[in-house]
Amino acid sequence: MLWGGTADGGGLELRRESNGGARLSGRFPYGKPAVLSDGGRTGRPRKEVIARGAFSYRIDDPKEDIHLLVGHDFGQPLASKGTGTLKFTETAAALMFTAVITPEIADTVHGRDALALIDAGLAVGISPGFRIPPERAVPKAEEITEEEHAPEEDKHRAIIRTILAALLYEFSIVTRPAYPEAQVEARSWETAEFIPPRPFTPHSRWR
C-alpha cells in the first residue's frame, strides 16, 4: 500500500449535526508535488505528483469500496463508499469528498478522538492509501521525470514520480500529510493485488 498526503489549496470542513453525527468534507488537489524525501546529505530529492483522474477506476466502479479512516487504520473507520456515507466528486483541479459520520461512529472512541482533533486543528490532513495497478492491466500507470529549472548540477535535481493511474483503497485523516494541500474541509510503492497494509516506515515510500 502506498500512502501519500498534500499543502496549498486543500481544505477540510467539519460540521456537527444535531443528531450527534457530523459531516466532513475535504479535497485532494491534482498536479501538486509532494516532497517525499529531501535526498539527505548526498542523495537527490524525490517528489510525487498525482495526475488528474488517477484515482478514477475504483471511484467510478460501484462494486469497489473505499473507506475514510483514521491514520490508515482499517480498525478505525469513519465512513465508506460502500455504505453510502462517503461520496466523491472529481473536478479538473481536485478530488473532493463528503463523509457522513453517523452518530454511532461519532460515539466510538476513535470517532470522538478524530472529531476532537479536527475541531482543534491538530489533524486536518488527508492522506490516500493506494496501489499501483499491475503493468498487464495498465501499461503506463506512472512515469519518472526530472525536475525542470533545477540547479546546474544534476545531482541536486529532484526526481519526480507522476502517478497516472492508481487503485485507491482509502483516505485517512492524518496530522501531517505528505501533500500539504490535501486537507479536510488529505506510501510504500509496489505493484500487486490488494492485501492488508503493513506498518508504515518512511523507507517504504520510494521503491
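The values are calculated or read from the model by the stated rules, or taken from the named source; none is laboratory data. Everything quoted here is computed from the prediction, not taken from an experiment. For neighbour counting, all protein chains shown are included, and Cβ atoms are generated from backbone atoms with ideal geometry for every residue, glycine included.
Based on this model, can you work out whether Leu78 counts as in a strand (DSSP E or B), farther than 17 Å from Phe130 by Cβ and at pLDDT 90 or above? Explain how you work it out, then say what you get.
Details: in a strand (DSSP E or B): yes; farther than 17 Å from Phe130 by Cβ: yes; at pLDDT 90 or above: yes.
Yes.
Within region 38-61, the set of residues being crowded, with 17+ Cβ neighbours inside 10 Å and in a loop (DSSP other than H, G, I, E, B) comprises Arg44, Pro45, Ala54, Phe55. Scanning region 10-30 for residues that are over 18 Å from Ile132 (Cβ atoms) and assigned to a loop (DSSP other than H, G, I, E, B) turns up Gly10, Gly11, Glu17, Ser18, Asn19, Gly20, Gly21.
Take the conditions (1) under 27 Å from Leu167 (Cβ atoms); (2) surrounded by 15 or more Cβ atoms within 10 Å (Cβ to Cβ); (3) not hydroxyl-bearing (Ser, Thr, Tyr); Glu64 misses just one of them, which is (2). Looking at the structure I just gave you, is Phe97 buried (at least 20 other Cβ atoms within 10 Å of the Cβ), of a type outside the set (A, V, I, L, M), at pLDDT 90 or above and under 19 Å from Arg161 (Cβ atoms)? So Phe97 does not fit the description; no.
Right, Leu117: modelled with pLDDT of 95 or more and surrounded by 11 or more Cβ atoms within 10 Å (Cβ to Cβ) or not? In short, no.
Residues that are in contact with a Pro (Cβ under 7 Å, 6 or more places away or on another chain), hydrophobic (A, V, I, L, M, F, W, C) and modelled with pLDDT of 55 or more were ranked within region 1-30; the one that is farthest from Thr102 (Cα to Cα) is Met1.
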